[in-house]
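The block underneath contains the structure these notes are about, expressed in structure tokens.
The values are calculated or read from the model by the stated rules, or taken from the named source; none is laboratory data. Quantities reported herein were computed from a predicted structural model and do not represent experimental measurements. Note: ideal-geometry Cβ built from the backbone for every residue, glycine included; neighbour counts use all protein chains shown. Note: areas computed on protein heavy atoms with side chains; ligands, DNA, RNA excluded. Shrake-Rupley method; radii C 1.70, N 1.55, O 1.52, S 1.80 Å.
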Amino acid sequence: MSPEARVADALREVIPLEAEDDFLPATERRRGRIVGLVLVDIVNGFCTVGAGDLAPSEPNKQISTMVNEASRLAKAFCEKNWPVFAFLDAHHGDKPEPPYPPHCIIGSGEENFVPALQWLEKDPNVTLKHKDCIDGFICSMETDGSNQFSDWVKSNDINVVLVVGICTDICVLDFTCSILSARNTGRIPPLEDVVVYSNGCATYDLPLHVARNIKGALPHPQALFHYMGLCMAKGRGARIVNNVSML
């Protein structure tokens, strides 16, 4: 067993993650609660093999599963005309985002949806937001003091947000924590619950033996940081679910 696997197993033993087995958006609606789907950064630059410096260098099961699940849910929500909001990471070449190398530069193609989700760009049911920082909620702030994401929640009377995307411990986590704080302070009514779908999220893999050959790189074993991201989200008040059934 690798050192990363031993640490991951130890973490699961010390911090067991109690997740809900199933989440049913239709059941929530029958209870009078509207569910909105949020897709975080499911773009080529993070998900498509060989697409950029932060994309996987080879096929990755966790990322592929995330893309497939996000696609499944997006299709189901759009068929029902349920609200969908999608963040796409997109940067100008002259505005770096430390500590990460240049990525998802506008015009490179990295900032575009993965092929399985490109249809969302023309779907009238979907609200798109290009973002140039980690936290999508922060990037939704406008110069007039409004917030595009908060406005989407309010205009659709959304009570529950279902979050999927990449990276579990970075963009997904920061966004989740921010909207939970906004909910707690009454800044994003009528939001009540934030649900993070574990199999609908993924993060990148940078094992120790690879990181040692990259100056300044911090090892980032995928399974460990994915689990840590879910634990942190739950610790901040999110609901973690292992499956989403579109019945």
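Okay, here's what the table says:
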| read-out | value |
| --- | --- |
| Linear extension gain, Ser64 paired with Lys129, 0.36 nm per residue minus alpha-carbon span | 21.1 nm |
| In nm, spacing of pseudo-spin labels at Glu121 and Arg187 (7 Å Cα→C-beta vector) | 3.2 nm |
| Calculated P(r) tail over 30 Å for the chain, as whole % of Cα pairs | 23 percent |
| Calculated from backbone phi, Karplus (6.51, -1.76, 1.60) coupling profile of segment 98-115 in Hz, x at Gly/Pro | x, x, 8, x, x, 7, 6, 5, 4, x, 7, x, 5, 7, 8, 3, 4, x |
| Antiparallel DSSP beta bridges within the chain, percent to nearest 5 | 10 percent |
| Zone of Ser2's modelled label, taken as backbone nitrogen in segment 197-226 under 11 Å from a point 7 Å along Cα→Cβ | 205-211, 220-224 |
| Solvent-accessible area of Asp53 with every protein chain in place, 1.4 Å probe, in Å² to the nearest 10 | 110 Å² |
| Other-chain or far-sequence residues with amide H under 5 Å of Gly165's (modelled H) | Val40, Cys201, Ala202 |
| Non-local Lys pairs in the chain, i.e. 8 or more apart or on different chains, that have alpha carbons under 30 Å apart | 29 |
| Residue-by-residue Karplus 3J(HN,Hα) for segment 28-38, coefficients 6.51, -1.76, 1.60, Hz, glycine and proline x | 4, 5, 5, 8, x, 10, 7, 10, x, 9, 10 |
| Antiparallel bridges, percent of DSSP beta bridges restricted to segment 149-247 (to nearest 5) | 10 percent |
| At most 16 other Cβ within 10 Å, DSSP loop - GluC sites (Glu not before Pro), segment 1-94 | Glu18 |
| FRET efficiency estimate (nearest 0.05) - Cβ-Cβ, Lys95 to Asn242, R0 35 angstrom | 0.40 |
| Full-stretch length increase - Ala10, Arg72 - with 0.36 nm per residue and alpha-carbon distance subtracted | 19.0 nm |
| Integer Hz, Karplus 6.51/-1.76/1.60 couplings in order for segment 205-210, x for Gly and Pro | 10, 9, x, 4, 5, 7 |
| Segment 1-59: trypsin sites (Lys or Arg not before Pro) falling in loop per DSSP and having at most 10 other Cβ within 10 Å | Arg31 |
| Linear extension gain, Asp22 paired with Ser146, 0.36 nm per residue minus alpha-carbon span | 41.2 nm |
| For Val244, residues with placed amide H under 5 Å, excluding near neighbours | Phe23 |
| Net charge dipole size for the chain [Lys, Arg +1 and Asp, Glu -1 on Cβ; Debye, nearest 20] | 460 debye |
| Whole-angstrom gap from segment 106-145 to segment 71-94, using each part's C-alpha centre | 8 Å |
